[in-house]
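Asker: Dropping the structure in here first, questions after.
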Amino acid sequence: MLPKETWSINKPAVKSDRGIVTAQHYIAAQAGASILEMGGNAIDAAIASAFSLGVVEPWMSGLGGCGYMLVYIAETRKTFAIDFGVNAPIRLDPAKFPLSGGYDSDLFAWPEVLENRNILGPTSVAVPGFVAGMAEAAKRFSSLPWIKLLAPAIHQAESGLCVDWYSSLKIASAASVLNQFPSSQSIYLPGGFVPMGAWAGPPPTIKLTGLTETLQQLANEGPSTFYSGRLAADLVDDFLSVGINIRADDLLRYRAQCTELSGFKYRDSKIFASPGLCAGPNLLRALELLESFSINSSSLLDAKVYIHYANSLKRAYAERLQDLGDTPESKMHTSTTHLNVIDQQGNVVAITQTLLSLFGSKLVLPKTGILMNNGIMWFDPRTNHPNSLGPKKQPLSNMCPAIVLENDGSKFAIGASGGRRITSAVVQLISFMIDFAMEPEIAMHQPRIDISSGQDICVDSRLEQHIIDQLGQQDNVVPAEHGVFPNLFACPGIARWDATTQQCTGASFIYSPLADSVAER
């Protein structure tokens with residue numbers, strides 16, 4: 001019998017007459033809101049929140065990671081995508097990743113690589129793009145100095161990481177592999193054990209060795225130091241010391257890419273999603289297929305609609321697998337995070353950022369204190385496939401931030417973490433809000449399905465039984481609890497500005513005890 005959670009969990013949305021920030025950790029959302037309060041715009045707030053997320057949930061993202069950002073500028077009514085995905089190192093040799101039989105033990109069911117070299121440790125690390133992405137956004141759209149945008153993250157890093165029960169759970173789930181690397185063990189497993197608070201005492205705080213100084217150096221010297229300055233030299237020393245195959249020329253050649261978007265019409269709204277090697281094209285294809293299903297203001301969110309969700313998503317995923325080379329299998333322990341910001345001027349930002357697996361490569365750089373990604377895992381280790389391993393290449397990812405402009409002038413930012421489950425969540429939430437006029441809070445509490453396994457339909461067990469039964473007539477249906485851990489339906493967030501009320505609403509992921517929306521005061 002599957003375990004069952006008997007509590008009832010809900011999370012009210014947050015309203016604001018000014019700006020709002022949603023993030024998967026309340027401290028990061030507070031950091032962004034504080035930037036809005038000092039006169040910063042949505043891009044300033046998003047950058048501050050993004051850096052803060054790397055401190056307060058370091059297993060999810062950070063300086064050693066990557067991501068995608070969407071920016072809507074109200075004054076010009078233009079929308080831009082910033083791609084700061086990882087790149088394979090120049091000296092990566094696919095022959096050093098031989099297949100060993102079986103399937104990998106983490107997110108994707110790729111053929112297994114010898115010693116998990118593409119998943120764990122120094123050989124799994126790709127060139128990080130996070131700092132370049134934030135720098136590109138700051139250069140183009142910020143109104144505050146770079147040093148101010150990093151100040152909240154620096155302050156939090158100085159305070160250390162407060163390990164509440166949820167953080168202890170995250171660390172415990174990766175403890176066996178963190179223990180393999182002394183620099184990681186020394187931070188996250190002090191004394192060799194998962195940090196846990198006493199039953200009646202305060203939670204412990206662990207020191208993020210090296211990270212505070214690295215953030216301070218990055219603030220003082222500017223983002224270029226990460227790729228071509230003194231910090232770059234320190235990074236290369238760190239890479240060499242632990243066997244990571246990234247050198248100065250890898251850092252020097254890295255560029256984040258900024259593209260103006262034309263958008264895609266869905267019903268009477270316009271959808272903007274990142275192009276390229278992410279799930280943005282998959283999102284647009286699924287919505288295109290969904291649009292052929294007639295829905296009007298009197299339609300019910302019934303079994304027919306959920307069946308069409310399933311069919312549209314299955315077809316969009318199948319085309320992705322054929323054309324782009326992703327895999328139809330998805331497992332647990334993604335380390336992605338998402339945030340949204342809307343400011344008083346109507347600028348909108350959505351950022352999805354990641355280390356890929358939980359704790360990425362599981363390897364912390366000894367001197368700079370940066371937890372590194374395991375982006376090599378995104379590549380297909382087989383040869384002669386669209387997404388096969390290769391030097392300098394960018395792999396295919398599942399990140400899918402989106403911005404939606406509604407026909408009445410309202411607008412919202414949306415996205416999620418959760419690997420291949422992201423697209424299923426974002427498609428349904430967009431439909432809930434556009435097709436059924438749901439407010440963000442209602443949409444976030446509405447049960448969803450997920451088809452990312454490529455075989456079964458995973459169904460939130462809170463969905464009405466007659467809908468589950470009708471879905472089961474055409475596919476194998478697997479009911480599942482939508483709970484805190486594990487989470488099988490992605491972890492979304494929404495920030496919306498309503499043209500009628502002139503208010504912002506933030507709705508954050510319900511089943512995380514730390515996710516929150518914070519209003520500008």
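Computed from the coordinates by the stated procedures, all read-outs in this text should not be read as laboratory data. The structure presented is a predicted model; accordingly, all values stated were derived computationally and were not measured. Neighbour counts are summed over all protein chains in view; Cβ atoms, including those assigned to glycine, are modelled from backbone coordinates with ideal geometry.
Asker: First check a/c for the stretch 380-480, with a ≥ b ≥ c the square roots of the eigenvalues of its C-alpha gyration tensor; if it is under 1.5, answer rounded, and if not, answer prolate when a/b is larger than b/c or oblate otherwise. If you can, show how the numbers build up before the last one.
Answerer: Numbers: a/c = 3.06, a/b = 1.27, b/c = 2.41.
Verdict is oblate for the stretch 380-480.
Asker: Then there's this: Could you work out how far apart the two model spin labels at S461 and S292 are, taking each label as a point 7 Å from the Cα in the direction of the beta carbon, and quote it in nm?
Answerer: 3.5
Asker: May I pose another question? Note the listed values (i) 3, 13, 20, 26, 20, 11, 5, 1, 0; (ii) 3, 15, 22, 20, 16, 10, 6, 4, 2, 1, 0; (iii) 4, 21, 32, 28, 13, 2, 0, then indicate which one is P(r) over Cα pairs in 10 Å bins from 0, in percent calculated from this particular structure.
Answerer: Computed from the coordinates, P(r) over Cα pairs in 10 Å bins from 0, in percent corresponds to (iii).
Asker: Tell me which of N398, S431, I376 sits at the most positive position along the dipole axis of the stretch 290-443, charges placed on C-beta atoms (Lys, Arg +1; Asp, Glu -1).
Answerer: The residue sitting most towards the positive pole is I376.
Asker: Any idea what the dipole of the stretch 198-279 comes to, in debye rounded to 20, about its Cα centre with Lys/Arg Cβ at +1 and Asp/Glu Cβ at -1?
Answerer: 420
Asker: Which of the peptides 21-31, 167-177 is most tightly packed, and how do the rest follow, going by the mean number of other Cβ atoms within 10 Å of each residue?
Answerer: In decreasing order of mean packing, 21-31, 167-177 become 21-31, 167-177.
Asker: Is any helix in the chain, taking whole DSSP H runs, at least 27 angstrom long along its axis by alpha carbon and on average at least -1.0 on the Kyte-Doolittle scale, and which ones?
Answerer: 303-324
Asker: Let me ask something additional. Going Cα to Cα from K4, which aspartates and glutamates come in below 14 Å? Please leave out same-chain ones fewer than 8 positions away.
Answerer: Within the straight-line limit of under 14 Å, K4 reaches these aspartates and glutamates: D460, E481.
Asker: Working out 0.36 nm times the residue gap between F193 and W7, then minus their Cα-Cα distance, what length gain in nm do you get to one decimal?
Answerer: Between F193 and W7, full extension yields 64.0 nm more.
Asker: Checking the cross-link filter: which lysines have an alpha carbon closer than 16 Å to that of K15, excluding same-chain neighbours under 8 positions apart?
Answerer: K411
Asker: Among D516, D460, what is the fewest-to-most ranking by other Cβ atoms within 10 Å?
Answerer: D460, D516
Asker: Give the peptides 487-497, 32-42 in descending order of average Cβ contacts within 10 Å, highest first.
Answerer: Ranking, from highest mean packing down: 487-497, 32-42.
Asker: Measure off 7 Å from each Cα along the Cα-to-Cβ vector at R253 and L99, then give the distance between these two points in nanometres to one decimal.
Answerer: 2.8
Asker: How big is the dipole moment of the chain about its Cα centre under a simple scheme where the beta carbon of each Lys and Arg is +1, that of each Asp and Glu is -1, and everything else is neutral? Debye, nearest 20, please.
Answerer: Around 720 debye, computed over the chain.
Asker: Please sort 403-413, 196-206, 224-234, 298-308 by packing, taking for each peptide the average over its residues of neighbouring beta carbons within 10 angstrom, highest first. Could the numbers behind the result be given before it?
Answerer: Details: 403-413: 20.1, 196-206: 11.7, 224-234: 18.0, 298-308: 15.2.
Averaged packing, sorted descending, gives the order 403-413, 224-234, 298-308, 196-206.
Asker: Straight-line reach from K148: which lysines have a Cα under 22 Å away, not including same-chain ones fewer than 8 places off?
Answerer: K139
Asker: Once the piece of chain linking S224 and D408 is laid out straight, how much longer is it, given 0.36 nm per residue of separation minus the C-alpha distance between them?
Answerer: Full extension of this stretch gives 62.1 nm more.
Asker: Also: In the structure shown, do any of K207/K362; K96/K170; K207/K367 have a Cα-Cα gap over 19 Å, and if so which?
Answerer: In this structure, K96/K170 lie more than 19 Å apart at Cα.
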